[in-house]
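Written below as structure tokens is the structure these notes are about.
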Amino acid sequence: MDRSSIGSQGLFIAFEGLDGCGKTTQAKLLIQYLLQRNIPHRHVREPGGTEVGDKIRQLLLSPETRLNTWGEAMLYATARAQLVQDVISPSLAKGEVVVCDRYLFSSLAYQGYGLGLDVELVRTINMKAVGGLIPHISFLLDIPVETWSQRQSSKQHLDRIERRDADYYQRVRDGYQKLAREHGLVVLNGQHSEQKLYSQILEKIEAYIKGGRYN
Ligand code: TYD
């Protein structure tokens with residue numbers, strides 16, 4: 001990938017998966033790659049990335065917060081809408097590469113499938129909130145719930161979502177796999193080494209750009 005291969009409408013890449021799947025590491029590696037090549041980019045994570053989004057993040061993740069299921073889904077959608085309006089859309093309009101650590105599929109998996117909300121309604125609300133903007137490529141770093149559990153056990157502090165049990169995370173994983181089949185997410189085995197995943201990700205992005213499948 002070089003500067004000239006990024007189209008005039010930028011390139012929007014999202015990383016999805018269970019907590020501890022390695023998506024944050026891969027997003028950071030991709031950012032390093034873009035930096036080394038002087039490719040203009042933005043790195044964002046959800047929820048957050050705007051003033052209101054950071055406040056919503058605190059509320060959503062604090063174990064002290066008591067929130068009903070639709071309230072949770074709405075707050076994620078609110079933070080996302082602000083991030084799209086203030087950061088993602090302007091960045092794409094400048095032709096930049098946007099690397100997003102989680103996006104809309106997180107809400108469909110965690111709130112829709114995980115909490116048992118009407119997935120179509122969660123999708124409709126979110127699509128409305130983001131003006132229909134979806135990533136050019138979404139990577140799903142897939143791990144079994146056993147791996148999630150092992151990786152969580154080494155964490156000192158668990159947030160409000162991470163305190164949910166294995167049954168919840170199983171529904172989220174199954175939901176992600178269903179979404180991947182329906183919406184063409186690129187599924188990678190999150191149990192592979194960091195280096196292997198990184199090269200698979202670069203390969204996909206470069207093939208995608210060469211195929212002219214965006215813009
Ligand atoms: P994340 O920042 O990925 O967690 P961490 O940096 O601690 O690994 O995401 C925060 C939590 O929010 C995570 O448990 C997943 C959850 N989440 C949802 O439930 N729905 C959503 O739409 C998003 C974006 C995140």
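Read-outs throughout are calculated quantities, based only on the coordinates presented, and are distinct from any laboratory measurement. This is a predicted model, so every value here is computed, not measured. Ideal geometry is used to build each Cβ from the backbone, glycine not excepted, and the neighbour counts take in all protein chains shown.
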Within the stretch 179-196, of all residues that are assigned to a helix (DSSP H, G or I) and under 16 Å from the mean Cα position of the chain (by Cα), the one farthest from Gly17 (Cα to Cα) is His183
Inside the stretch 1-28, the number of residues satisfying the requirement of being under 18 Å from Glu203 (Cβ atoms), surrounded by fewer than 19 Cβ atoms within 10 Å (Cβ to Cβ) and touching a helix residue (DSSP H, G or I) at 6+ places or on another chain (Cβ under 7 Å) is 3
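Evaluate the following for Leu35: is it closer than 26 Å to Ala180 by Cα and more than 11 Å from the chain's Cα centre (by Cα)? Lay out the reasoning, then the answer.
Numbers: closer than 26 Å to Ala180 by Cα: no; more than 11 Å from the chain's Cα centre (by Cα): yes.
No: the conditions fail for Leu35.
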Residues in the stretch 104-129 that are crowded, with 21+ Cβ neighbours inside 10 Å, hydroxyl-bearing (Ser, Thr, Tyr) and more than 9 Å from the ligand (Cβ to nearest atom) total 1
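Looking at this structure, is Phe139 buried (at least 17 other Cβ atoms within 10 Å of the Cβ), within 13 Å of the chain's Cα centre (by Cα) and within 12 Å of the ligand (Cβ to nearest atom)? Step through it out loud before you land on a result.
Working: buried (at least 17 other Cβ atoms within 10 Å of the Cβ): yes; within 13 Å of the chain's Cα centre (by Cα): yes; within 12 Å of the ligand (Cβ to nearest atom): no.
So Phe139 does not fit the description; no.
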Within the stretch 134-165, the count of residues that are in contact with a helix residue (DSSP H, G or I) (Cβ under 6 Å, 6 or more places away or on another chain), of a type outside the set (Asp, Glu) and assigned to a loop (DSSP other than H, G, I, E, B) comes to 1
Counted residues in the stretch 142-164 being surrounded by fewer than 11 Cβ atoms within 10 Å (Cβ to Cβ) and either within 24 Å of Ile56 (Cβ to Cβ) or aliphatic (A, V, I, L, M) (or both) come to 3
From the option list Arg151, Arg181, single residue qualifying as within 12 Å of the ligand (Cβ to nearest atom) and out of contact with any Asp or Glu (no Cβ under 7 Å at 6 or more places or on another chain) is Arg151
